Amino acid sequence: MTMSDVILKEINLALGSALLVLLVLESIWPGSVLAYLNLNYWLIIWLISAILRLWKK
Amino acid sequence: MKLKNIRRLWISALAALVLWLLWQAIVPLGSITYKSDLADNNYFIGKLSPSERVEQINNRPTIIGEPVYFSFFTPRPFRTAKLTMRFSGTAPLVEIGLRRDKTVWSYEMKPLYSALLEKIKADENTIIQNDVFLWQKNRRYETIEDFLKTPPPFNSVAVYRHPLPFAFSLSGSARQGATKEQSLGLRGAYQFYTYSDGNSLAFDFNVIDRNENSDPDPIEVIIYRGADRVFAQSFDDSVAKSERRLSIATPPLPAGVYRLELKANDDIVTTKLRTAQSKIAFSGRLWLVDAARENIILYGDGSRYSAQTLNPSSLQTIMIDDQAFAISETYEQFSLSIPNSERRLKRTVLPKGDLIIASDGLWSFTAEQFFNPTVRSMPPVSTVAELGVDYLVAKYEPVEILADGSFEQSMEFDLRGAYREKGKYSFMISAPNAALSKEPLNIKEIKIEVLEPDIYDYVRRYFERN
């Protein structure tokens, strides 16, 4: 596994974990996340990183 | 090792982000400010709506119809909101209101701008003490205290947000000989004034629940004397669609004017009212049901009228004495102004029902029932010539004029008990005749500072209690 694969994997893991945590926080406390962050962009970048990981495999 | 460091880094960043979001939501220090220029989408302060009453000029909302509404989101409830609005342009009278009630769309209104009061603040006939204005057509009083101690005749005064010590006394009997039944056909909430001569107040309301929406439809009847609540009775929702009778009877009440408020949502129709009271005068809006009703007659003493219908079959021309008032489109609010400084009683004929009508005066279904125990309110006018009275008493804080010529005004609202749904409070901007103004009302910024005792206060009070 190259360094770029490791970084890509870590980005994907970081974004995915963060997305999960933020969605849980938003579902428990509506407005606490969406008032400040647009999770759409987060989701798109996470999806792109996942696609790139699959493509590299 | 490097991977471990990277992982620690993003986990720490995520934890910091979550803590920051929680800090913003909890507001442990007790106050936070939200602001919006209304040009871009803002999660906390919503855009002005409905869109047909707002025009975008230079990327700023300009009010061309009224009222308009905006929402205010907070992640948790707060105790107080200090709202500051920066705006340009004028309108005779602009007020901002906070919605208080879930069932009835009632708003607690506060003044933002009054063209008349801004104009007369430098007038030699105006006395100002602690934001209380007293304007006199012919100077008779030297202080506001003199005026309040020996007020002039009831009909020569208009007030704005300042109570006056007038005690209304009814000439004639407050009760008619026997209990009488009259058709009302009123949908939703309404309120009326009546008079007790020392007896109890008793009313029977025949109501029907249309059950058009699945929400519960409780009904509450509240009687006020001035600002004091003297009687209240609640009625649960009824599943049955058939007509039922709701009866209320108070204990004997001191002689005087009382206001009865029937709080219900728009699923409830009051078909009939039975009472022995001789005086019943409705205030605020009336939703007269049933498009098939013909020639509904009302008696009122208003100067400013508004009407709207949601039903194409109810498009009509209302006659207020000999003045025609055309309602030619659905879902649009029409307004009419008829100078009536003497508060002369006018006969209003509505050819069809299913119409919402309101005025700045009172209404009765018969001329004999009509009376007006209220002091005249300051109308939304810009000059004293349009006032039609000899005295004006108002509680008003003049706007601050900024360096760029725009205005700024602040006001505080108590948020406790205010209507809040999904984290949003609802505000209204009322600006009658705004569209007629030479300089349209343009909102530049809304800033809302919310306040709550901070965490240290909670902790201190907890230990004080225990």
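Look through region B:362-391, keep the residues that are of a type in the set (Gly, Ala, Ser) and open to solvent by 50 Å² or more (accessible area, probe 1.4 Å), and return whichever of them is farthest from B:TYR190 (Cα to Cα).
Taking the candidates together, the pick is B:ALA385.
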Subject >> Single residue of B:GLN56, B:GLN24 found to be open to solvent by 70 Å² or more (accessible area, probe 1.4 Å) and at pLDDT 85 or above >> reply: B:GLN56
**OP:** Considering only region B:112-202, give the strands (runs of 3 or more DSSP E) lying wholly within it that have at least 1 residues that are within 30 Å of B:PHE427 (Cβ to Cβ) and among the hydroxyl-bearing types (Ser, Thr, Tyr).
**Re:** B:157-160, B:190-196
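Take B:ALA394 and tell me if it is touching a residue at least 60 places away in the same chain (Cβ under 8 Å), touching an Asp or Glu at 6+ places or on another chain (Cβ under 7 Å) and closer than 30 Å to B:ARG343 by Cα. Reasoning before the result, please.
Numbers: touching a residue at least 60 places away in the same chain (Cβ under 8 Å): yes; touching an Asp or Glu at 6+ places or on another chain (Cβ under 7 Å): no; closer than 30 Å to B:ARG343 by Cα: yes.
So B:ALA394 does not fit the description; no.
Would it be correct to say that B:LYS438 is at pLDDT below 90 and open to solvent by 40 Å² or more (accessible area, probe 1.4 Å)? Spell out the reasoning first.
On the way: at pLDDT below 90: yes; open to solvent by 40 Å² or more (accessible area, probe 1.4 Å): yes.
Spelling it out, B:LYS438 is indeed at pLDDT below 90 and open to solvent by 40 Å² or more (accessible area, probe 1.4 Å).
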Original post:
Has region B:14-27 got any residue that is touching an Asp or Glu at 6+ places or on another chain (Cβ under 7 Å) and either within 11 Å of chain A (Cβ to nearest Cβ) or over 17 Å from A:SER32 (Cα atoms) (or both)?
Top reply: no
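Listed residues A:ILE45, A:ILE11; which is more than 9 Å from chain B (Cβ to nearest Cβ), within 8 Å of the chain's Cα centre (by Cα) and either more than 24 Å from B:PHE44 (Cα to Cα) or surrounded by 13 or more Cβ atoms within 10 Å (Cβ to Cβ) (or both)? Show your work before the answer.
Details: A:ILE11 fails: more than 9 Å from chain B (Cβ to nearest Cβ).
Unique residue meeting the criteria: A:ILE45.
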**OP:** Confirm whether B:LEU17 is without any contact (Cβ under 8 Å) to a residue 12 or more places away in the chain and either open to solvent by less than 70 Å² (accessible area, probe 1.4 Å) or out of contact with any Gly (no Cβ under 9 Å at 6 or more places or on another chain) (or both).
**Re:** yes
**OP:** Identify the residue in region B:392-422 that is of a type in the set (Gly, Ala, Ser) and open to solvent by 30 Å² or more (accessible area, probe 1.4 Å) and, among all such residues, is nearest to the other protein chains (Cβ to nearest Cβ).
**Re:** B:GLY417
**OP:** Determine the pairs where a residue that is open to solvent by less than 10 Å² (accessible area, probe 1.4 Å), located within region B:91-102, has a partner that is in a loop (DSSP other than H, G, I, E, B) with Cβ atoms under 6 Å apart, the partner being 6 or more residues away or on another chain.
**Re:** B:ALA91/B:ALA431; B:ALA91/B:SER437; B:VAL94/B:ALA431; B:LEU98/B:ALA418
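The values are calculated or read from the model by the stated rules, or taken from the named source; none is laboratory data. Treat the numbers as computed from the prediction; the structure is a model and nothing was measured. Glycine gets a Cβ as well: all are built from the backbone with ideal geometry, and neighbour counts include every protein chain shown. Surface accessibility is based on the protein's heavy atoms, side chains included, excluding ligands, DNA and RNA. Shrake-Rupley method; radii C 1.70, N 1.55, O 1.52, S 1.80 Å.
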